[in-house]
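Working notes, beginning with the structure itself.
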Amino acid sequence: MTAFILRRLLQSLIVLLAMIVIVFFGVHVVGDPIWLLVSPDLTQDQIAEVARQLGLDRPIWEQFAVFLGNALHGDLGISFVHGQPAMKLILERMPATMELALFALVLALVIGLPLGLYAGLRPERASSRAIMAASILGFSLPTFWVGLMLIMVFAVILGWLPSTGRGPTIAVLGIETSLLSLKGLSHALLPAINLALLKVSLVIRLTRAGVREVLPLDFIKFARAKGLSETRIVLVHLLRNILIPVVTVIGLEFGSLVAFSVVTESIFAWPGMGKLLLDSIQRVDRPVIVAYVMLIVVLFVVINLIVDLLYCLLDPRVRLQDQAS
Amino acid sequence: MRMTVFSDFGRRPLWRGIAVILVMMASGFGIDRLAAQDLRIAVSSEPSSFDPHFHNLTPNNQIMRHAFEPLIFADESQNLSPGLATGWQLVDDLTWEFKLRPGVKFHDGSTFSADDVIASFERVPNVPRSPSPFTSYVKGRMLEKIDDLTLRIKTAAPDPLMLNNIAQVMIVSKAAARAPTEDFNSGKAAIGTGPYRFNAFVPGDRVVLDRFDEYWGGKPHWLRVTLKPISSNPARVAALLAGDTDVIEAVPTTDAQRLKADKNLIVASALSNRVIYFHLDQYRDVTPFIRAKDGSEIKNPLRDVRVRQALSKAINRPAMVERVMEGEAVPASQLLPDSYPGTSKNLKPVALDVAGARKLLSEAGYPNGFKMVMHGPNGRYTNDTKIIEAAAQMFARIGIEASVETLPPAPFFSRASSGNNGHPEFSFILVGWSAGTGEPSDSLRTLLGTFDREKGTGAANRGRYSNPQFDAILANALRTVDDKKRAALLAEATDLAMNDVGLIPIHYQFNTWAARKGYALVARSDEYTLATSVKPAP
């Protein structure tokens, strides 16, 4: 198992390096950030001076070498726009994104699992068909549109929930979270629903498929024959078996919730790192973009590892081994 | 109808619980903020810092103007008036003397004096990694303290733009002048003399300012001001409609009419100092994005003034303003509206004249027109893509087959500025320009002056228009200290360049704000959103 983890980490390092190269040079192709940074009334010499200070006057391969050298010492560069270390900017905004993703994940499971179970156990009912139809909508509606509609209905027309922004935060173990107060939750609810919508549909469909697959299997029949209660069959025997694919997918989806909360964050003016990424891409703030991508790669690697380890717990038959060993 | 849907509303404990929560939430929004003197403003982009010398950019500058002040103020129409300096005079051609305002307190309780001004001016060129420094406003200006409240500024050459330029330099306490940008962001060094003082700066989320009770200029109205960035246009409007914010800036043109009709809102707009214009390639014999209709290479037609005139005459500016901008702009004849000093009073927006344009094209040797690709940013200026598309259709009427390519601002400005080995890549581009100093000398020097690194002219002249006569008049204007004479020279230079069609102005944008009922707004020409421009309605 240790060998498995070590080898996995080594592979991840290669992926990380590849991503850095692609993003670093990819961003360079987008354009020279200097023209969006400087006030347009500066003279040529003044513009050149800014470029020199930011290191943008050097050839791109040289900039890359400098970046790699610094990265080895844990310095991922300084934002062109903010003049602050890129990683610091991202980490400052990480709790906001994490709490939103977590809230969305909980919503996805709390809403998706029961609905999926129901649709799987009673597939013929009209309500089950309605759930499945709704899940298709959940998949296909664009996030930005749903977000705006949520704001229009619940904030503008009904006035029940605040339209944008993050509520007041409370520090718990040094991490600021807005999920522990009623006002904070009211701010988080709409963006979390918006972010969760796609995942709810995903969980519903996964759960339903799992239920349909597992239900006819022998061990369920055996449990029935043994006279176990239906509740016990569903909640223990059935659920445990369908959780494996759900955990895999949800694990990976958590990564994507964090990485791609960009749209939701920008519509709901949620001060998370997704909005920072969007702003940084628009301004070609390369240090922030590269640091962000590195962080996300690491996040996915860690999540994958956790998912693999969870497998072991959920299904004792799984042994973590590489094909090679 | 809601009653029938929730017919058991209030009877079941769960529903009752939810109802209680909702009422509690709703009551949170119902606080009378007007009476509590608590103002919430939604801005369209977030500031990158709380350091007033770090980043010369509207989203930063407007927030800095709450906590810090310059020697000279620019009002909502950019007229200059005394700020931290009460008066000034020219001692000789190269020396200005400023009398400083007595009895001004900094937020930390210290007293403002000439030392703070000198320390601030010294700080400006030395802010590390400033992405857009304020250096040009202090460069070549030597400060000398005469006494605590008298200051002289010496220059090597006559300096007519002294007042306009130092109006952009914020004064910080000398105690903060050596502090790094981080200390301003954390509030530690954010010590100014402005009407509002630093309370909190949470990047990406909010800036919170508190009233400075010892402000010299009369008590500011709001006890607390919170500025939140909401970059998505519809979300910003929704926040106002939902009552989550009191004031929004940058009202999208598509919503302006609707908001004006809403009885619960007020809308205020002012003609801005921002002109939207086309820059035309005039430096290459063959320009890459213009071809004959059969696709063969032709000489660059944009170097012929008749072709440039024809293109300008083909644009129906009133229709552009009415249809594309939904009335939120006025047709432009030059780089700044002619209410500003230094503008030409002779110029009128070029009128639509299709027959005249066709005739000019024929005379220039293009009776059948040509093919052209127009470029522009998408999402940088209000309705930028729609403006280019509309213009392309207008050009079709004079036989020019124009197609449109818009790019995100980053690649657009990069390629439009230096995509061709350090020179502009495109042939015909849409750009906008805002004259921050409230007069046209920077605009003329940067957009129409001959591209010359030594002289520092033409840095943003992406058409590379070049006219020695224009350069000479402008250089003369930039040496002329007498306001009237300088204004006349700037107007003369403007006349020359516009008759030459050095670029094609389209319209001046409106800056538009909206607020909830009960508030009164003063709209500003410089795009700045300031808490001091918002008052309770009388």
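The values are calculated or read from the model by the stated rules, or taken from the named source; none is laboratory data. Note that the structure is predicted; figures quoted are calculated from it, not measured. FYI the Cβ positions are ideal-geometry reconstructions off the backbone, even for glycines, and counts take in every protein chain you see. Side chains included, ligands, DNA and RNA excluded: accessible areas come from the protein's heavy atoms. Shrake-Rupley method; radii C 1.70, N 1.55, O 1.52, S 1.80 Å.
Criterion first (closer than 25 Å to B:ALA36 by Cβ, surrounded by 18 or more Cβ atoms within 10 Å (Cβ to Cβ) and touching an Asp or Glu at 6+ places or on another chain (Cβ under 7 Å)) does B:GLY204 satisfy it?
Details: closer than 25 Å to B:ALA36 by Cβ: no; surrounded by 18 or more Cβ atoms within 10 Å (Cβ to Cβ): yes; touching an Asp or Glu at 6+ places or on another chain (Cβ under 7 Å): yes.
The answer is no for B:GLY204.
Evaluate region B:428-435: report whether one residue or more is open to solvent by 30 Å² or more (accessible area, probe 1.4 Å), part of a strand (DSSP E or B) and under 20 Å from B:PRO59 (Cα atoms).
Of the residues in region B:428-435, the ones open to solvent by 30 Å² or more (accessible area, probe 1.4 Å) are B:434.
From what is left, the residues that are part of a strand (DSSP E or B) are B:434.
When the remaining residues are screened for being under 20 Å from B:PRO59 (Cα atoms), the result is B:434.
Yes, that holds for at least one residue.
Among the strands (runs of 3 or more DSSP E) confined to region B:450-538, the ones with at least 3 residues that are crowded, with 23+ Cβ neighbours inside 10 Å are located at B:503-516.
Screening region B:501-538 for residues that are touching a Leu at 6+ places or on another chain (Cβ under 9 Å) and of a type in the set (D, E, K, R) and picking the one that is nearest to B:LYS345 (Cα to Cα) gives B:ARG524. If you go through region B:153-179 and keep only what is under 27 Å from the mean Cα position of the chain (by Cα), within 14 Å of chain A (Cβ to nearest Cβ) and over 29 Å from B:ASP92 (Cβ atoms), you end up with nothing. In summary, helices (runs of 4 or more DSSP H) completely within region A:137-229 and bearing 1 or more residues that are under 24 Å from the mean Cα position of the chain (by Cα), within 30 Å of B:ILE248 (Cβ to Cβ) and in contact (Cβ under 8 Å) with a residue 12 or more places away in the chain occur at A:143-150, A:182-214.
Among the helices (runs of 4 or more DSSP H) confined to region A:1-72, the ones with at least 3 residues that are within 30 Å of A:ASP308 (Cα to Cα), over 23 Å from the mean Cα position of the chain (by Cα) and touching a residue at least 60 places away in the same chain (Cβ under 8 Å) are located at A:2-30.
Once region B:329-349 is narrowed to residues that are in contact (Cβ under 8 Å) with a residue 24 or more places away in the chain and open to solvent by 60 Å² or more (accessible area, probe 1.4 Å), the residue that is nearest to B:GLY449 (Cα to Cα) is B:PRO341.
Please pick out the residue among A:ILE193, A:ILE220 that is buried (at least 17 other Cβ atoms within 10 Å of the Cβ), modelled with pLDDT under 85 and touching a helix residue (DSSP H, G or I) at 6+ places or on another chain (Cβ under 9 Å). If you could, list the steps in order and put the result at the bottom.
Working: A:ILE193 fails: modelled with pLDDT under 85.
Testing whether each residue is buried (at least 17 other Cβ atoms within 10 Å of the Cβ), modelled with pLDDT under 85 and touching a helix residue (DSSP H, G or I) at 6+ places or on another chain (Cβ under 9 Å) leaves just A:ILE220.
At least 1 residues being at pLDDT 95 or above, aliphatic (A, V, I, L, M) and open to solvent by less than 20 Å² (accessible area, probe 1.4 Å) is the threshold, and among the strands (runs of 3 or more DSSP E) wholly inside region B:70-138 those reaching it are B:72-74, B:85-92, B:95-100. For region A:5-29, enumerate the residues that are among the aromatic types (Phe, Trp, Tyr) and open to solvent by 20 Å² or more (accessible area, probe 1.4 Å). Of everything in region A:5-29, just one residue is among the aromatic types (Phe, Trp, Tyr) and open to solvent by 20 Å² or more (accessible area, probe 1.4 Å), namely A:PHE25. A residue that is of a type in the set (Ser, Thr, Tyr) and either buried (at least 22 other Cβ atoms within 10 Å of the Cβ) or in a loop (DSSP other than H, G, I, E, B) (or both) cannot be found anywhere in region B:384-391. Is it the case that region B:403-419 has a residue that's touching a Leu at 6+ places or on another chain (Cβ under 7 Å), part of a loop (DSSP other than H, G, I, E, B) and within 9 Å of chain A (Cβ to nearest Cβ)? No, region B:403-419 has no match at all.
Looking across A:ASP57, A:ASP45, A:ASP32, one residue alone is within 7 Å of another protein chain (Cβ to nearest Cβ), of a type in the set (D, E, K, R) and open to solvent by 60 Å² or more (accessible area, probe 1.4 Å). It is A:ASP45. Counting the residues of region B:233-244 that are open to solvent by less than 40 Å² (accessible area, probe 1.4 Å) and out of contact with any Gly (no Cβ under 9 Å at 6 or more places or on another chain) gives 4. Every test in (1) away from chain A (no Cβ under 12 Å); (2) within 27 Å of B:HIS423 (Cβ to Cβ); (3) β-branched (Val, Ile, Thr) is passed by B:VAL481 save one, and that test is (2).
Out of contact with any strand residue (DSSP E or B) (no Cβ under 7 Å at 6 or more places or on another chain) and buried (at least 21 other Cβ atoms within 10 Å of the Cβ): does that describe B:PRO52? Show your work before the answer.
Values: out of contact with any strand residue (DSSP E or B) (no Cβ under 7 Å at 6 or more places or on another chain): yes; buried (at least 21 other Cβ atoms within 10 Å of the Cβ): yes.
Here the answer is yes, as B:PRO52 does meet what is asked.
Scanning region A:93-128 for residues that are surrounded by 19 or more Cβ atoms within 10 Å (Cβ to Cβ), out of contact with any Gly (no Cβ under 9 Å at 6 or more places or on another chain) and either among the aromatic types (Phe, Trp, Tyr) or within 14 Å of chain B (Cβ to nearest Cβ) (or both) yields one hit, A:PHE103.
What's the total number of residues in region B:146-164 that are touching a helix residue (DSSP H, G or I) at 6+ places or on another chain (Cβ under 9 Å) and open to solvent by 30 Å² or more (accessible area, probe 1.4 Å)? So that I can check it myself, show each step before the final result.
First pass over region B:146-164, keeping only residues touching a helix residue (DSSP H, G or I) at 6+ places or on another chain (Cβ under 9 Å): B:146-151, B:153, B:155, B:157-161, B:164.
From the residues that got through so far, the ones that are open to solvent by 30 Å² or more (accessible area, probe 1.4 Å) too are B:146-149, B:157-158.
Result for region B:146-164: 6.
Within the set B:ALA487, B:ALA493, B:ALA497, the sole residue that is among the hydrophobic types (A, V, I, L, M, F, W, C) and farther than 30 Å from B:GLY376 by Cβ turns out to be B:ALA487. The C-beta contact set for region A:250-272 (first residue at the interface with chain B (Cβ under 9 Å from one of its Cβ atoms), second residue assigned to a loop (DSSP other than H, G, I, E, B) and of a type in the set (A, V, I, L, M, F, W, C), distance under 6 angstrom, 6+ apart or interchain) comprises A:ALA269/B:ILE230. A:ARG283 falls short on exactly one of the conditions (1) within 14 Å of chain B (Cβ to nearest Cβ); (2) more than 21 Å from the chain's Cα centre (by Cα); (3) open to solvent by 60 Å² or more (accessible area, probe 1.4 Å), and that condition is (3). Inside region A:235-246, residues that are surrounded by fewer than 17 Cβ atoms within 10 Å (Cβ to Cβ) and in contact (Cβ under 8 Å) with a residue 60 or more places away in the chain make up a count of 2. Restricting region A:259-291 to residues that are in a helix (DSSP H, G or I) and among the basic types (Lys, Arg) leaves a set whose member that is nearest to A:ILE151 (Cα to Cα) is A:LYS275.
Hey, can you tell me all the residues within region B:111-167 that are among the small types (Gly, Ala, Ser) and on the phi > 0 side of the Ramachandran plot? Steps first, please.
So in region B:111-167, the residues among the small types (Gly, Ala, Ser) come out as B:113-114, B:119-120, B:130, B:132, B:136, B:140, B:156-157, B:167.
Within region B:111-167, B:GLY140 is the sole residue that qualifies.
Give the residue that is surrounded by the fewest Cβ atoms within 10 Å (Cβ to Cβ), with candidates limited to residues of region A:129-151 that are of a type in the set (Gly, Ala, Ser) and within 21 Å of A:ILE242 (Cβ to Cβ). It comes out as A:ALA134. Filtering region B:131-152 to residues that are of a type in the set (Val, Ile, Thr) and closer than 22 Å to B:ASP92 by Cβ leaves B:VAL138, B:ILE146, B:THR150. Any residue that is under 28 Å from B:GLU76 (Cα atoms) and surrounded by 17 or more Cβ atoms within 10 Å (Cβ to Cβ) - is there at least one of those in region B:352-370? Within region B:352-370, not a single residue is under 28 Å from B:GLU76 (Cα atoms) and surrounded by 17 or more Cβ atoms within 10 Å (Cβ to Cβ).
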